[in-house]
1. Counting only heavy atoms of the protein chains, get the accessible area per residue of the stretch 1-41 (1.4 Å probe) and round it to a whole Å² value.
2. In the stretch 53-134, how does Rg compare with the Kirkwood Rh, expressed as the Rg/Rh ratio over alpha carbon atoms?
3. Just to confirm the filter: which chymotrypsin sites (Phe, Trp or Tyr not before Pro) across the stretch 13-121 are DSSP coil and have at most 10 other Cβ within 10 angstrom of their Cβ?
4. Take the alpha carbon atoms of the stretch 1-41, find their radius of gyration, then divide it by 2.2 N^0.38 Å using N residues; give the quotient.
5. Mind listing the phi-derived Karplus ³J(HN,Hα) values for the stretch 91-100, rounded to whole Hz, using 6.51, -1.76 and 1.60 with θ = phi - 60°, and x for any glycine or proline?
6. Give me the distance between the Cα centres of the stretch 108-147 and the stretch 64-98, rounded to whole Å.
7. Where the convex hull is taken over the Cα atoms of the chain, what is its projected area averaged over directions, in nm²?
8. Carbon and sulfur together cover what percent of the accessible area of the chain at a 1.4 Å probe radius?
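The values are calculated or read from the model by the stated rules, or taken from the named source; none is laboratory data. Note that the structure is a prediction, hence the values are computed from the model and not measured. All Cβ positions, even for glycine, are placed from backbone atoms using ideal geometry, and neighbour counts span all protein chains on display. These area figures cover heavy atoms from the full protein model, side chains too; ligands, DNA and RNA do not enter into them. Shrake-Rupley method; radii C 1.70, N 1.55, O 1.52, S 1.80 Å.
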Amino acid sequence: MDRKILAILQRQGRIPMTELATLVGLSTTPCAERVRRMERAGVITGYHASVSPEALGKPLLVFVELRLSSKSEEIFEKVRKELMLVPDVQACHLVAGSFDYLVKARLGGMREYRRLLGDILKKLPVAAESHSYIVMEEIKETLALNI
């Protein structure tokens, strides 16, 4: 039952509780309690509005690979703190492989991209090598998990 609720909430986060309850075959009170329980347990972490990047003047999507010249827990922590402060960075992941970080950013254009890359490289505690990928077409992007 919880999985049914989650599948619907991922697609329709603002669905009225009465409608959600009907769709999953419960009455409103038990359905609402299940949702509250999943919120308290951290299964449901929030409700979000999907905003058009183009409407906000951020049509350029860029992925940047960063490879650090040296690595340690202290350096990883410093890099994490610096990248958390960059407002145009939407996502950043420490990864295993031929590079250390994968950064996703939404920008207004190439001038902003150049500034972003310079700012990131300047703020890192150690020298880094970068490779960037400019997205030409977004095929699929979702926050929904397959349930």
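1. Working: 2710 Å² over 41 residues.
Normalised by residue count, the accessible surface of the stretch 1-41 is 66 Å².
2. Values: Rg = 12.5 Å, Rh = 12.9 Å.
My calculation of the ratio gives 0.97.
3. On the way: sites: TYR47, PHE63, PHE76, PHE99, TYR101, TYR113; in loops: TYR47, PHE99.
For chymotrypsin sites (Phe, Trp or Tyr not before Pro) across the stretch 13-121 that sit outside H, G, I, E and B with at most 10 neighbouring Cβ atoms in 10 Å, the list reads TYR47.
4. Dividing the Cα Rg of the stretch 1-41 by 2.2 N^0.38 Å gives 0.99.
5. Values per residue, Gly and Pro as x: 8, 8, 10, 7, 10, 8, x, 7, 9, 9 Hz.
6. Taking the Cα centre of each part, the stretch 108-147 and the stretch 64-98 sit 12 Å apart.
7. Numbers: hull surface 44.6 nm².
The orientation-averaged projected area of the Cα hull of the chain comes to 11.2 nm².
8. Working: 5560 of 10120 Å².
Result for the chain: 55 percent of the exposed heavy-atom area is carbon or sulfur.
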